[in-house]
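Structure first, commentary second.
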Amino acid sequence: LQKLIRNSVIGAIVFLVIISLLLFSRQKLKRKVEMERMRNRLSRDLHDDIGSTLSSINILSHTAKLSLEKSNEVKAKDALEKINERAGRLLTNMGDIIWNIKPGHDTIEEIVSRMREYATTMFEAKGIDYIIEFPKQTIDCRLTMEVKSNFYLIFKEAVNNLCKYSDATQAGVKMTFDKTQIYLMVKDNGKGFIKEEVTHRGGLSNMEHRISEIKGKIKITSAPTKGTSIELSLPRYC
């Protein structure tokens with residue numbers, strides 16, 4: 001009987017060890033697949049961004065050159081300003097990608113810091129009064145590269161659209177969290193819009209696509225003269 005018990009215990013231990021190794025290998029493989037998918041996406045996005053931006057800069061520089069030859073300084077100045085804007089945007093996007101893949105930038109605190117920096121810069125440049133409310137307590141949470149990238153880019157898209165299209169004078173950003181979810185809201189007192197009448201849905205579609213990739217939810221509420229509110233939630237993943 002003792003021999004049977006001993007063998008059973010040994011068998012159970014071996015079984016648990018095998019199961020643990022299989023689970024560890026599975027998690028390792030899953031992380032590797034996620035990293036590879038993220039690298040491919042970043043590479044594709046960077047390639048497309050650089051390609052399209054350099055192509056437009058090339059066309060604009062040719063336009064500026066011809067305009068100067070014809071002494072059309074207004075058209076040349078306009079082309080040079082567009083070159084400056086596109087080059088600046090490309091540098092910003094490259095900075096986002098480098099920040100995203102750099103180790104140590106995966107904590108909520110790091111993400112919140114970058115979000116605050118971006119929103120503050122944008123709002124102050126547009127002369128918009130703003131209130132930013134982020135959690136004061138430390139959140140012991142690290143996000144994967146995919147979740148971090150999509151979360152930040154959704155926020156960036158929301159703030160950029162607010163500054164570019166809303167004609168708002170006031171804006172608010174608020175992040176909260178509970179045991180399972182992270183919540184973010186970006187709102188303004190701008191001119192608002194009717195979703196069904198938006199002809200260029202690129203920004204809205206990008207946000208909806210990105211939030212679906214990280215299994216989150218997004219709610220966009222807007223009406224003419226009533227401002228816009230963008231609310232999203234996503235699992236904490238930690």
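Just so you know, all these numbers are worked out from the coordinates, no wet-lab data involved. Because the structure is a prediction, the values reported are computed rather than measured. Ideal geometry is used to build each Cβ from the backbone, glycine not excepted, and the neighbour counts take in all protein chains shown.
Around the Cα centre of the chain, unit charges on the Cβ atoms of Lys, Arg, Asp and Glu (plus for the first two, minus for the last two) sum to a dipole of about 1080 debye. Estimated purely from DSSP H runs of n ≥ 4, each contributing -39500 (n - 2.57), the mean residue ellipticity at 222 nm for the chain is -22500 deg cm²/dmol once divided by its residues. Between the listed residues Ile59, Asn100, Ile111, the Cα displaced farthest toward the positive end of the dipole of the range 44-146, a dipole computed from Cβ unit charges relative to the Cα centre, is found at Ile59.
You can think of it this way: the chain between Thr180 and Val112 has 22.7 nm of extra reach, that is 0.36 nm per residue less the Cα-Cα gap. In this simple spin-label model, placing a label point 7 Å from the Cα along the Cα-to-Cβ direction at both Phe24 and Thr120 gives a separation of 4.4 nm. Placing unit charges on each Cβ (+1 for Lys and Arg, -1 for Asp and Glu) gives the chain a dipole about its Cα centre, and among Met185, Thr144, Gly88 the Cα reaching farthest toward its positive end belongs to Thr144.
Within the range 111-192, none of the GluC sites (Glu not before Pro) combine a DSSP coil assignment with at most 10 other C-beta atoms in a 10 angstrom radius. Phi-derived couplings, Karplus 6.51 cos²θ - 1.76 cosθ + 1.60 at θ = phi - 60°, listed residue by residue for the range 123-129: 5, 5, 5, 8, x, 9, 5 Hz, with x used for Gly and Pro. Put one equal scatterer on each alpha carbon of the chain, apply the Debye formula with no solvent term, and list log10 I(q)/I(0) at q = 0.08, 0.16 1/Å to two decimals. Cα-only, vacuum Debye calculation for the chain: -0.44, -1.24. Computed over the chain with a Gaussian network model linking Cα atoms closer than 10 Å, the most mobile of Leu23, Leu91, Leu60 is Leu23. Apply the a/c threshold of 1.5 to the C-alpha gyration tensor of the range 162-238 and tell me whether it is rounded, prolate or oblate. Taking the square roots of the gyration eigenvalues as a ≥ b ≥ c, the range 162-238 is oblate.
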